[in-house]
Amino acid sequence: MTSPTLTRPELTAADRCDRCGAAAQVRAVLSGGGELLFCGHHAREHEAKLKELSADIQR
């Protein structure tokens, strides 16, 4: 018996940046279970803090 793995769907054109509403290019999955979507600009701006929080950054 195998255990199921939860996967998040690929980002689409409908996914928007949580900071500015531009097209999302990056998903940051937080260790507490939440997720944030960012455009490329805001992903770069917040990358250091997200790494500090051990977020799984998916491009």
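The values are calculated or read from the model by the stated rules, or taken from the named source; none is laboratory data. As the structure is a prediction and not an experimental result, all values here were calculated from the model. Surface accessibility is based on the protein's heavy atoms, side chains included, excluding ligands, DNA and RNA. Shrake-Rupley method; radii C 1.70, N 1.55, O 1.52, S 1.80 Å.
So here's what we get for this one:
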item: Candidates 43, 23, 55, 28, filtered to the one that is aliphatic (A, V, I, L, M), open to solvent by 40 Å² or more (accessible area, probe 1.4 Å) and modelled with pLDDT of 95 or more; result: 23
item: Tally of residues being part of a loop (DSSP other than H, G, I, E, B) and among the hydrophobic types (A, V, I, L, M, F, W, C) across the stretch 25-39; result: 2
item: Total residues in the stretch 8-20, condition open to solvent by 80 Å² or more (accessible area, probe 1.4 Å) and either modelled with pLDDT of 95 or more or over 20 Å from residue 54 (Cα atoms) (or both); result: 7
item: Given (1) outside any loop (DSSP other than H, G, I, E, B); (2) at positive phi, index of the condition residue 49 fails; result: (2)
